[in-house]
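Here's the structure we're looking at; comments come further down.
The values are calculated or read from the model by the stated rules, or taken from the named source; none is laboratory data. Computed from a prediction, not measured in an experiment: that's the story for all the values here. Note: ideal-geometry Cβ built from the backbone for every residue, glycine included; neighbour counts use all protein chains shown. To get the accessible areas, we keep the full protein, side chains included, count just its heavy atoms, and leave off ligands, DNA and RNA. Shrake-Rupley method; radii C 1.70, N 1.55, O 1.52, S 1.80 Å.
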Amino acid sequence: MKKLLSIFVFIGLLLTSCSSSDDGGEIIIDDPNSNELTYVGTIRSIINSNCTSCHGNPPTNNAPMPLTTYSEVRGAVETRNLLGRINSSTNPMPPTGQLPSGTRQLIEDWVDLGMPEN
Ligand code: HEC
């Protein structure tokens with residue numbers, strides 16, 4: 001009987017963990033049809049894959065500032081011409097060449113939305 005009870009408790013825990021992961025699944029990453037274009041949902045992973053190898057904390061390879069938090073990325077848009085640099089054909093960021101236009105568009109759309117954090 002004690003064993004049966006613990007099986008029920010186990011199933012109960014399984015059900016609880018399933019329903020909480022359903023909640024997390026509502027944020028769709030990089031889906032252009034999603035209206036959840038936020039720093040946490042989409043932009044952070046773009047920056048982490050393409051920028052923080054130099055713009056880490058501390059920055060490396062002579063990068064002048066980190067881009068590892070929401071406020072650092074927002075600050076770079078506002079005072080360091082981040083959009084101009086990702087779209088520059090002569091002096092792009094990353095220095096190896098422009099990101100695909102779809103990726104740059106996501107960053108521009110996010111700025112147009114007022115840079116929501118989450
Ligand atoms: C290979 C290293 C490297 C990567 C990767 C890289 N950067 Fe940079 N970044 C630099 C260096 C070095 C500078 C300073 C020289 C310059 O402005 O060109 C810089 C400068 C900048 C500046 C101008 C800062 C200022 O105050 O003038 C911005 C904005 C910027 N990077 C954004 C980005 C973004 C956004 C990404 C990713 C999409 C990125 N960088 C990826 C090395 C890198």
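Scanning region 99-118 for residues that are away from the ligand (no atom under 14 Å from the Cβ), surrounded by 10 or more Cβ atoms within 10 Å (Cβ to Cβ) and not in a helix (DSSP H, G or I) yields 113, 116, 117, 118. The residue list 58, 95 contains one member that is more than 6 Å from the ligand (Cβ to nearest atom), open to solvent by 30 Å² or more (accessible area, probe 1.4 Å), at pLDDT 95 or above and in a loop (DSSP other than H, G, I, E, B), which is 58. Filtering 27, 43, 11 for residues that are within 13 Å of the chain's Cα centre (by Cα) and modelled with pLDDT under 95 leaves a single hit, 27. Filtering region 32-47 to residues that are surrounded by fewer than 14 Cβ atoms within 10 Å (Cβ to Cβ) and either free of Cβ contacts under 8 Å to residues at least 60 places away in the same chain or touching a His at 6+ places or on another chain (Cβ under 8 Å) (or both) leaves 33, 35, 45.
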